[in-house]
Number of protein chains: 2
Amino acid sequence: MSQGFIALDWGTSSFRAYLVAPDGAVIETRAHGDGILSVKNGAFEPVFERHVAGWDTQLPVLASGMISSRQGWREVPYVQAPAGLTDLAKGLSQFQTSNGRKLVFVPGVSWHAGDGVPDVMRGEETQIFGALDGGNGLFVMRGTHCKWVAVEAGRIARFATFMTGEMFGALKAHTILGRLMTGEAEDGPGFERGVRTGLAQRQGGAGLLHDLFSVRTLGLFGDLPGDQLAAYLSGLLIGTEIAGATKLFQPGAVGVTVIGGSMLADPYMKALGFAGITGRLGRPDAAVRGLGKIRNQAGLIT
Amino acid sequence: MSQGFIALDWGTSSFRAYLVAPDGAVIETRAHGDGILSVKNGAFEPVFERHVAGWDTQLPVLASGMISSRQGWREVPYVQAPAGLTDLAKGLSQFQTSNGRKLVFVPGVSWHAGDGVPDVMRGEETQIFGALDGGNGLFVMRGTHCKWVAVEAGRIARFATFMTGEMFGALKAHTILGRLMTGEAEDGPGFERGVRTGLAQRQGGAGLLHDLFSVRTLGLFGDLPGDQLAAYLSGLLIGTEIAGATKLFQPGAVGVTVIGGSMLADPYMKALGFAGITGRLGRPDAAVRGLGKIRNQAGLIT
């Protein structure tokens, strides 16, 4: 007889578990900031058990995200792109936790571009299939590491990672660029000016290592007030990302679906607008929906 | 009657004071890692006095570097490029320390490029004039913030800053890229591969935000051993800088003089070689020599 399952989306900087009914409806969600980087000494199981306290240990757990990386609970090999739902299902890796839960990991996806440099994702492949309606599309996912993903004929065809989110955090907290900043807001004139400066890389320019210094000089010269500098930096990085992704994909032709909560997605939607690219907001439940599709594909209904 | 002076080169991450004889010879050098960012609560004077203990308080002190920035001892306005030695001499700012030393700051130089974004230097202008023989040249200075500087007819004509050094430190210490690193060396195959990946931006590409992720993936896939990853990151950043600077200057035509101690300059010399650009090692005493020239120009010989 069919039963429900626990869907787990455990990434670098966040934990989200969903109690899912047999019909696919989400009964309860447990969300927390305990990303895998904050878990000490490999203590993933106790952190997991604490967050899902009270949920039936008989329910299988289907997990995606960085939890299956080398820094996670157990490393699962990547499936190579092009990769569809059936490839993900074949790459599932199963084990039992010490208190008897059945834990199944979704594999990440790797892609070797023409230059021989590999690229990887973990978790985004699941969101992609959760967000996908039809067989084709171009997706962008904001996060610690942003992913641009081209889906063709129902398979992840190729993709590229941009370290936009992690770069913002490191630059703001650990370089001189944060010194003059007094605000956080990703709106106002600072954000737009930053996006447009980054987008100018489409016409060539000295590149990000040079452009970044403008965060300091525009503040020094009073061209931007301190409360606009964080927004300017964020915009500069997002604009630079869009300029780079434009060289790999054709977002102008097909538009882009932005996946993530609206708080994460809104600045991208704005920046795509400045770039003259059509942005569409993807569904917010992409991760849990993707896990449900993979579960069905794998015939995990017990 | 002529007397000697104290030459002070106090930057973001280092302190160098020189006791200079009336004939310009350096009698004694005091070097330390107490850059201005490590000085707490604006206590520049006690830090300075500690490092120059025993040196005659009657000698004037001529200082260049970030010590005259907003984060320094006293902020001195920038002189605008194009700027020559006479402009720097006119922009000198003088005050007296609490124990009676005469302290004279060399101004930094600002440059407004066509895009309206200002760029600035503090300290490098002094090194440039110390390194300059003749009226023209293209210079690069490695440091927290690297500067590419074009000198024409004896004046700093225009320049661009690249945040290469600070970026390396922040990425290695505060992002996931540092996780797989086990070494520091800037030689070996990792450095060259990084430089060549960065230089490929001259032919276009997805940009640094994307390329950086290869530091992680090449490590994950075992394409580069952990002890080559720091070198690869350093090479990638330097290669990216050279690719960007190539779009602003014509280093292929004129070659580049690399200023800085040989430990700092060697990786640049190598990277310029991979790029097919002629690199020349500049004199190591550029800062103190530049301060001497400015002193003579200003008629500070008392």
Matching option when the condition is surrounded by 18 or more Cβ atoms within 10 Å (Cβ to Cβ) and at pLDDT 95 or above, among B:Gly276, B:Gly292
B:Gly292
Filtered residues of segment A:6-51 (kept if in contact (Cβ under 8 Å) with a residue 24 or more places away in the chain and touching a Lys or Arg at 6+ places or on another chain (Cβ under 6 Å)):
A:Asp9, A:Ala17, A:His51
Out of all the residues in segment B:175-187, is one or more in contact with a His (Cβ under 9 Å, 6 or more places away or on another chain), outside the structural domain of B:Tyr232 (by TED's automatic domain parsing) and either assigned to a strand (DSSP E or B) or more than 17 Å from A:Thr217 (Cβ to Cβ) (or both)?
no
Report yes if B:Gly222 is within 13 Å of chain A (Cβ to nearest Cβ) and of a type outside the set (Lys, Arg), otherwise no.
yes
Filter segment B:54-68 down to the residues that are outside any helix (DSSP H, G or I) and buried (at least 22 other Cβ atoms within 10 Å of the Cβ) and list them by number.
B:Leu62, B:Ala63, B:Ser64, B:Gly65
Note on segment B:151-162: residues out of contact with any Asp or Glu (no Cβ under 8 Å at 6 or more places or on another chain) and surrounded by fewer than 23 Cβ atoms within 10 Å (Cβ to Cβ) are B:Glu152, B:Ala153, B:Gly154, B:Ala157, B:Arg158
For segment A:171-191, the count of residues that are more than 7 Å from chain B (Cβ to nearest Cβ) and among the hydroxyl-bearing types (Ser, Thr, Tyr) equals 1
Report, by residue number, each residue of segment A:59-71 that is modelled with pLDDT under 95 and over 13 Å from A:Val106 (Cα atoms).
A:Arg70, A:Gln71
Residues of segment B:133-170 being of a type in the set (S, T, N, Q), over 23 Å from A:Gln201 (Cβ atoms) and either within 11 Å of chain A (Cβ to nearest Cβ) or in a strand (DSSP E or B) (or both), which ones?
B:Thr144
Can you tell me which residue in segment B:11-43 is farthest from B:Val106 (Cα to Cα), limited to those that are away from chain A (no Cβ under 14 Å) and of a type in the set (Ser, Thr, Tyr)?
B:Thr29
Of residues in segment B:1-37 being in a loop (DSSP other than H, G, I, E, B) and acidic (Asp, Glu), the one surrounded by the fewest Cβ atoms within 10 Å (Cβ to Cβ)
B:Asp23
Considering residues that are in a helix (DSSP H, G or I) and modelled with pLDDT under 95, the number found within segment A:201-215 is 3
Collect the residues in segment B:84-132 that are more than 14 Å from every other protein chain (Cβ to nearest Cβ) and without any contact (Cβ under 8 Å) to a residue 12 or more places away in the chain, keeping them in residue-number order.
B:Lys90, B:Gln94, B:Gln96
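If a residue must be more than 14 Å from chain A (Cβ to nearest Cβ), in contact with a Lys or Arg (Cβ under 9 Å, 6 or more places away or on another chain) and either of a type outside the set (Val, Ile, Thr) or in a loop (DSSP other than H, G, I, E, B) (or both), how many such residues does segment B:232-260 contain?
Of the residues in that region, 2 qualify.
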Hits in segment B:98-150 (condition: farther than 23 Å from A:Thr197 by Cβ and touching a Phe, Trp or Tyr at 6+ places or on another chain (Cβ under 7 Å))
B:Leu103, B:Pro107, B:Ile128, B:Ala131, B:Leu138, B:Val140, B:Arg142
Considering each residue of segment A:192-219, count those that are among the acidic types (Asp, Glu) and within 9 Å of chain B (Cβ to nearest Cβ), and give that number.
1
Mind checking whether some residue in segment A:72-82 is farther than 27 Å from B:Ala206 by Cβ, more than 14 Å from every other protein chain (Cβ to nearest Cβ) and in contact with a strand residue (DSSP E or B) (Cβ under 9 Å, 6 or more places away or on another chain)?
yes
Looking at this structure, is B:Thr12 more than 30 Å from A:Leu180 (Cα to Cα) and either in the same structural domain as B:Gln96 (by TED's automatic domain parsing) or over 21 Å from the mean Cα position of the chain (by Cα) (or both)?
no
Counted residues, segment A:266-298 - those being in contact (Cβ under 8 Å) with a residue 60 or more places away in the chain, within 16 Å of the chain's Cα centre (by Cα) and under 26 Å from A:Ile6 (Cα atoms)
9
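The values are calculated or read from the model by the stated rules, or taken from the named source; none is laboratory data. As the structure is a computational prediction, the values presented were derived from the model and not from experiment. So basically every Cβ, Gly included, is an ideal-geometry build from the backbone, and we count neighbours across all protein chains shown.
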